[in-house]
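Structure, as structure tokens:
The values are calculated or read from the model by the stated rules, or taken from the named source; none is laboratory data. Remember, it's a predicted structure, so these values are computed and weren't measured experimentally. Glycine also receives a Cβ, built like all others from the backbone with ideal geometry; neighbour counts cover every protein chain displayed.
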Amino acid sequence: MALIDLLDVSKKFEAQTILCNVEFHLDEGERVALIGKNGSGKSTLMKIIDKTIEPDSGEVITKNGIKIKRLLQTPKFKENLTVREAIENELTEFKEAYKKYLRLTEEFANNPENKSIQSEMDKISKFLDFHNAWNLDDRIERIMQEFDLKKYENKDISLLSGGEQRRVALASLLLQKPDVLLLDEPTNHLDVYMTEFLEEMLLKEKYTFIVVSHDRYFIDRIATRVVELENCKLRSFKGGYADYIRQKEELLKAKEKEFENELRLLKREEEWLRRGVKARLKRNEGRKKRVLELRDKVKQDKSEIRQIEMQLKRELLSKEEEKINRKKVMFEIEHLTKSIGNKLLIKDFTTRILQKDKIAIVGKNGSGKSTLLKILIGEEKPDSGIIKIGENVKIGYLDQRKSMLSDDKDLIETFCPQGGDHVNVRGRNIHVYGYLREFLFPPEYLTKKIGVLSGGEKTRVALALLFTKDYDVLILDEPTNDLDIPTINILEEYLMDFEGSVIFVSHDRYFVDKIAKKMFIFKGEGVVEESHIPYTEYLEIEKELKLIENVKCKMENEKKEKPKQRKQKKLSYKEQRELDELPKLIEELEITIAQIEECLADPECYQEKGLVSLSEELEEIKKIYDNKVERYLELEEKREILETDS
């Protein structure tokens, strides 16, 4: 069933066209991942869907009565609320519905023939079922624990960081479960464990949503459809991210074949033009016009094919095997220990970081990952231990604030502070515009001030700037935050080709799997573990170990309880009485079931008593019968065990 339809929708901002006559449909139960370059119009499309902004033309049709909620980049809350109050404030509708249901239940118990009460109860029951709002207090507790908000529950929400406020807003939206959820980069500010919880919740509770995300594993797991926004048009691909890449390859093959056919046709038509046929004659003007249009189309298709080829090349790029055995030592770390306040972050950590090492630093939020980066660059001092930096090692650092950039400078001044318009990148001396085009910046951005750029654009500038410097080590703190997938692909290509060491903090599992050859895993309480297996493989092993540990604990608890059970020589008085009475009750139920079934076989009987009423009665009695039989067998088995043990 269609919940949202966009018909022939267009949108333009000043000179930039965002959407060109697009069609989009969202059915109930669909999970759509919306991808595309930063600035391509993904957030605009979401705002058109929730009617925050109006399209210039076209229709936006939403099913009557549906609720659409969007996760804002900067959430807004009422003043003077604690974290728990901010969440509960959005759930009053469900709490009131639950209270009303309880009140109606009491009324119905006193007046079971009242059809209007029953109808109202059914309506509220369906509402609470859809929004999973029967046990809200338990769900609030769980989501606060999983999103690491429990410790802030009584804190004024205005005192939280931007990332923490986003987690509160996301928790609130998930608990509301609107008919359609619009999620703009929901995994930003979530660690990998929070992201996995989000994935499980979205799938288990069957949300309908559109999500913008650069987390490719997240898209692959949750999406039923990927919609790409490119050149103001939408293109739909069935399945998750891996399916999108496969279908994109198929599209490339089809485009190449179409291009070859167009090229052959163009050659024939251009030959006709060259032969000197009088193109000025009216009857030939149309053919000449078609030749010129075909030329333009061939150019456009060639450009599109090159774009797709580059995207796939970057996505599927794999690093060559290391050829150099002797590598320069970048850092030597011995018995490093660091605490902040009473929290132990790193305890007795020893390692060496060599040239060409690609190291991901992973773990929960607040476990000390960024602190290790700051120790490496000398911004923080360890409590104890030694850090030796290799001779003449030059370090490039990207922090989350992008402090290497000056807001009052434009891009030309940033990349060419000594004047000129060329930069040196990996031994190539190229024009700054040609280089920035690789990072998806159009020419008009060259004279823009850094201060007016978005968060994602600033990250792109900072990353591009790093690769113009002569560094031996790149240290990156959450480099993929605020980036789109095409830019992440470009970053991955540069990092894999980088001749020095790369040390980075990231929660992006796909990015870590693709770039890192080693991980420093922050496990809490100061433990930092080294691992050489892929991150996703490590997470799977971690899950299995937790499962085994839970089973062990359960078995140990059962062992502790067994001696207590053996002390019991026989069934309790209440259990024995129940066991004695059950056979008679079961026999009576069997007789009743047989009578109803006999009546259902007789048209005269079931017409008198009502076919529907009899069927419902039979179903209810069969349920009671099954429960009584199960209870009888359970008590009989317990009696036998007790007699054997004694």
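Answer yes if at least one residue in segment 553-568 is outside any helix (DSSP H, G or I), touching a residue at least 12 places away in the same chain (Cβ under 8 Å) and surrounded by 12 or more Cβ atoms within 10 Å (Cβ to Cβ), and no otherwise. Looking for residues that are outside any helix (DSSP H, G or I), touching a residue at least 12 places away in the same chain (Cβ under 8 Å) and surrounded by 12 or more Cβ atoms within 10 Å (Cβ to Cβ), one finds at least one in segment 553-568, hence yes.
Evaluate the following for residue 436: is it surrounded by 13 or more Cβ atoms within 10 Å (Cβ to Cβ), among the hydrophobic types (A, V, I, L, M, F, W, C) and out of contact with any Pro (no Cβ under 8 Å at 6 or more places or on another chain)? Taking the combined requirement at face value, the residue satisfies it.
Please verify whether segment 90-103 includes one or more residues that are part of a loop (DSSP other than H, G, I, E, B) and touching a residue at least 12 places away in the same chain (Cβ under 8 Å). Looking for residues that are part of a loop (DSSP other than H, G, I, E, B) and touching a residue at least 12 places away in the same chain (Cβ under 8 Å), one finds at least one in segment 90-103, hence yes.
The rows are residues; the columns are (1) closer than 30 Å to residue 144 by Cβ; (2) buried (at least 20 other Cβ atoms within 10 Å of the Cβ); (3) among the aromatic types (Phe, Trp, Tyr); (4) out of contact with any Phe, Trp or Tyr (no Cβ under 6 Å at 6 or more places or on another chain).
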residue	(1), (2), (3), (4)
15	no, no, no, yes
29	yes, no, no, yes
33	yes, yes, no, yes
37	no, no, no, yes
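Residues in segment 141-193 that are crowded, with 17+ Cβ neighbours inside 10 Å and assigned to a strand (DSSP E or B): 180, 181, 182, 183, 184. Counting the residues of segment 495-516 that are in contact (Cβ under 8 Å) with a residue 40 or more places away in the chain, surrounded by fewer than 24 Cβ atoms within 10 Å (Cβ to Cβ) and farther than 24 Å from residue 189 by Cα gives 4. Tell me whether segment 588-598 contains one or more residues that are modelled with pLDDT of 85 or more, of a type in the set (Asp, Glu) and surrounded by 14 or more Cβ atoms within 10 Å (Cβ to Cβ). No, because not a single residue in segment 588-598 is modelled with pLDDT of 85 or more, of a type in the set (Asp, Glu) and surrounded by 14 or more Cβ atoms within 10 Å (Cβ to Cβ).
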